[in-house]
Amino acid sequence: MKDSILVINCGSSSLKFAILANAGQTTLVEGIADRLGSAGSSITFKYEGQKSEIPLTDGSHKNAVSQIKEWLKSHTEIESSLVGIGHRVIHGGETFSESVLIDQNVIDGIEKCAKFAPLHNPAHLKGIEVAFELFPGIPQVAVFDTAFHQTLEPEQYLYPIPMKLYREHHFRKYGFHGTSYRYISQQLAKTVPSSDEQGVLVAHLGNGASVCAINKGKSSDTSMGITPLEGLMMGTRSGSLDPGLISFIRQAEGISAQEALDILNKESGLLGISELSNDCRTLEEAMEKGDEKALLALNMFAARAAKHLASVATTLESIDHLVFTGGIGENSSYLRQVICQHLKALNINIDSTLNTEAPRGESSNITAVHSNTNVWIIPTNEELMIALDTINLIQD
Ligand code: AMP
């Protein structure tokens, strides 16, 4: 075993991790520490098919990383192969257009972008600080969700609001899920090398959901904005709507702007419409039993996904490929079918048997014979992308 990379995805109350070896191809161990900052937090390790859970004494991020270090002490072969640590960072603003080795300048840059991701970036910084403290001498890399979209043209990334707000405050579309889109673009190019010179649409549909147009290997438009609230309807997020609605909600409910935004971020989307769940699988089960609100929620999700795909496609010269990824994109044949039905006018068609019989966890082509566009399912792997970036940067 050589060149293991610890991948850390630090949230405000959780820390997901994985150790990947053999150029990212083997996941040796993975796990999650959750309920950080509150009583009863613990960290779970999944190793060689076995799960083990260790309670965290003070529930801090440091406590969680200390437990990873302790675990490594009892798995010395993995410990001695550890060469780098890769961190997922949500917001890199206009400062970061690619992954970087972390030094004090990078830490300052991530801090500067924290105003756009006040829950996430400070948590990432905590993870970075603790990792430097507990793994001295091991190089660390930051991989940004926004970086892939730094290739957008101004007519796509600017909001049509006074320019002064962009000049003085950098208010613009940044886009997210960039690590996933970059991975999908590379995976597709492995199967179809010419895709690097073509127009590709990707629908990353998970609990958070967005779409991206990739023109000749570069992001040309995406649906999320300055925050991950813009664009598609999601698990609990509303996606795009008339901003005037915020003041109506405030007045009607007697709440603050932040509370109204919380409704749009946490109580809307699939959950808000179905009044049942934000989880697609739960809603599909309910729909099969005749639950009409679950059906409506799923169909609204599909209609909006299709609308945003058509919208970002305006930045492409041709729509040569459409890729579905993310928990929903990879697994829900129902939503793939409804989304593609909405895209018929663009001559995007899938084969219903290939769609319903697509193997789980593998890439597959579900294109109908008469379709203008190739339609694919490609499982995403953001951890692998982070590990590969880390390997590349520490070898430079
Ligand atoms: P992610 O955020 O990418 O992990 O995706 C989570 C979403 O994928 C949840 O809404 C899950 O219900 C959905 N999902 C996972 N597996 C399935 C499945 N077999 N069928 C439908 N939806 C699924």
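The values are calculated or read from the model by the stated rules, or taken from the named source; none is laboratory data. Because the structure is predicted, anything quoted here is derived from the model rather than measured. With ideal geometry, Cβ positions are generated from the backbone for all residues, glycine too; neighbour counts draw on all protein chains shown. Ligands, DNA and RNA are excluded from the accessible area calculation, which covers all protein heavy atoms including side chains. Shrake-Rupley method; radii C 1.70, N 1.55, O 1.52, S 1.80 Å.
Any chance the stretch 101-108 includes a residue that's surrounded by 19 or more Cβ atoms within 10 Å (Cβ to Cβ), at pLDDT 95 or above and assigned to a helix (DSSP H, G or I)?
Residues of the stretch 101-108 that are surrounded by 19 or more Cβ atoms within 10 Å (Cβ to Cβ), as a first pass: 102, 106.
Next, from what is left, pick out any that are at pLDDT 95 or above: 102, 106.
With the extra rule that they be assigned to a helix (DSSP H, G or I), the set shrinks to 106.
Scanning the stretch 101-108 turns up at least one residue that is surrounded by 19 or more Cβ atoms within 10 Å (Cβ to Cβ), at pLDDT 95 or above and assigned to a helix (DSSP H, G or I).
Just a yes or no: is a residue in the stretch 326-342 away from the ligand (no atom under 16 Å from the Cβ) and acidic (Asp, Glu)? There is no residue in the stretch 326-342 that is away from the ligand (no atom under 16 Å from the Cβ) and acidic (Asp, Glu). Cβ separations smaller than 6 Å between residues 6+ apart or across chains give the following pairs from the stretch 219-244 residues that are under 18 Å from LYS307 (Cβ atoms) and of a type in the set (Asp, Glu) to residues that are open to solvent by less than 10 Å² (accessible area, probe 1.4 Å) and assigned to a loop (DSSP other than H, G, I, E, B): GLU230/MET224.
Residue under question is PHE116, and the condition is that it be surrounded by 13 or more Cβ atoms within 10 Å (Cβ to Cβ), under 22 Å from the mean Cα position of the chain (by Cα) and under 19 Å from PHE132 (Cβ atoms); does it hold?
Values: surrounded by 13 or more Cβ atoms within 10 Å (Cβ to Cβ): yes; under 22 Å from the mean Cα position of the chain (by Cα): yes; under 19 Å from PHE132 (Cβ atoms): no.
Taking the combined requirement at face value, the residue does not satisfy it.
Candidates in the stretch 373-396 are the residues that are surrounded by 20 or more Cβ atoms within 10 Å (Cβ to Cβ) and either free of Cβ contacts under 8 Å to residues at least 40 places away in the same chain or of a type in the set (S, T, N, Q) (or both); of these, the one that is nearest to the ligand (Cβ to nearest atom) is THR380. When the stretch 346-372 is filtered for residues that are farther than 15 Å from GLY329 by Cα and touching a residue at least 24 places away in the same chain (Cβ under 8 Å), the ones remaining, listed by number, are LEU346, ASN347, ILE348, ASN349, SER371, ASN372. Condition (residue is over 17 Å from LEU335 (Cβ atoms) and either charged (D, E, K, R) or open to solvent by less than 50 Å² (accessible area, probe 1.4 Å) (or both)) applied to the stretch 277-286: is it met by at least one residue? No, the stretch 277-286 contains no residue that is over 17 Å from LEU335 (Cβ atoms) and either charged (D, E, K, R) or open to solvent by less than 50 Å² (accessible area, probe 1.4 Å) (or both). Residues that are more than 16 Å from the ligand (Cβ to nearest atom), among the hydrophobic types (A, V, I, L, M, F, W, C) and not in a loop (DSSP other than H, G, I, E, B) within the stretch 235-287 comprise LEU245, ILE246, PHE248, ILE249, ALA252, ALA257, ALA260, LEU261, ILE263, LEU264, listed in sequence order.
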